[in-house]
Each structure stands twice: as structure tokens, then as C-alpha cells.
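Worksheet: the structure to be examined is printed underneath.
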Amino acid sequence: MNPKILFWILVSTGAVLEIIGDIFFKKWSIENKSILIWIGFLVYFAGTVFWAFSLKYEVLSKSISIFTILNLVILTLVGVIFFKEDISFLSKIGILLGIVSIIFIELG
């Protein structure tokens, strides 16, 4: 398989798993059920493993940048859609700049 595609699969899977972990953390903070925080930790750890394996196919600075930005953008959307959180105009600009930065990182 193409290393670039494998990198994107690994880093995207890692980001999605960490987002799922973050959702469990948020649900724990609302419902205060201890099982939710432990599930969150397990899923979060699995996401970190996928991200770590992405380092076999890309340099650390690129991998962590893309991972962090993907996490931020998707998690913000999840917060707005599922938890009805509001985001400011400046946050929307920041998300747009994050997406643009991924494009620039990929082109570079």
C-alpha cells in the first residue's frame, strides 16, 4: 500500500478514536458515571497507538500537526452537533485556518 495513504489511514483513525474518547470524557462530566471515564481512557489510548504507528510513515512534526488539527476541527464539529455548544466567529476562523494549514502541510 502507498505509504502516504497508509499514513492518512493511521493518523485519521487515531484522531477519530481520540475524539470518541473525548466524547466519553464529556459524557462522564455530564452523567458522572465512572465507567464512561474508563472507556474514554481505553479508546483514547487506542487512538494514541494508531497515531504512534503513523510515525513510521511520516516525520513527527507533520504527523502531530495533522493529528492535532484533525482532532480540533472534528471535535469542534462534534461539540456543536451533539452537545449543542456554541463557537465564536474567531473559533470558526481558527477552524478554517486549521483546514488550510493541513493543505499547506501536505503540499510542503
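The values are calculated or read from the model by the stated rules, or taken from the named source; none is laboratory data. It should be emphasised that the depicted structure is a prediction, and the values quoted were computed from it without experimental measurement. Methodologically, a virtual Cβ is constructed for each residue, glycine included, from the backbone with ideal geometry; neighbour enumeration extends over all protein chains shown.
A few notes on this one:
- Top-ranked residue in the range 82-93 [being part of a helix (DSSP H, G or I) and in contact with a helix residue (DSSP H, G or I) (Cβ under 8 Å, 6 or more places away or on another chain); ranked as surrounded by the most Cβ atoms within 10 Å (Cβ to Cβ)]: S91
- Tally, over the range 53-64, of residues that are β-branched (V, I, T) and part of a helix (DSSP H, G or I): 1
- When F50, F45 are screened for being over 15 Å from S101 (Cα atoms) and buried (at least 19 other Cβ atoms within 10 Å of the Cβ), only F50 passes.
- Some residue of the range 26-36 being in a helix (DSSP H, G or I), buried (at least 16 other Cβ atoms within 10 Å of the Cβ) and aliphatic (A, V, I, L, M): yes
- Any chance I20 is in contact with a helix residue (DSSP H, G or I) (Cβ under 8 Å, 6 or more places away or on another chain) and either in a helix (DSSP H, G or I) or exposed (fewer than 13 other Cβ atoms within 10 Å of the Cβ) (or both): yes
- Set F45, F41, F67, F50: member being part of a helix (DSSP H, G or I), modelled with pLDDT under 90 and not β-branched (V, I, T): F67
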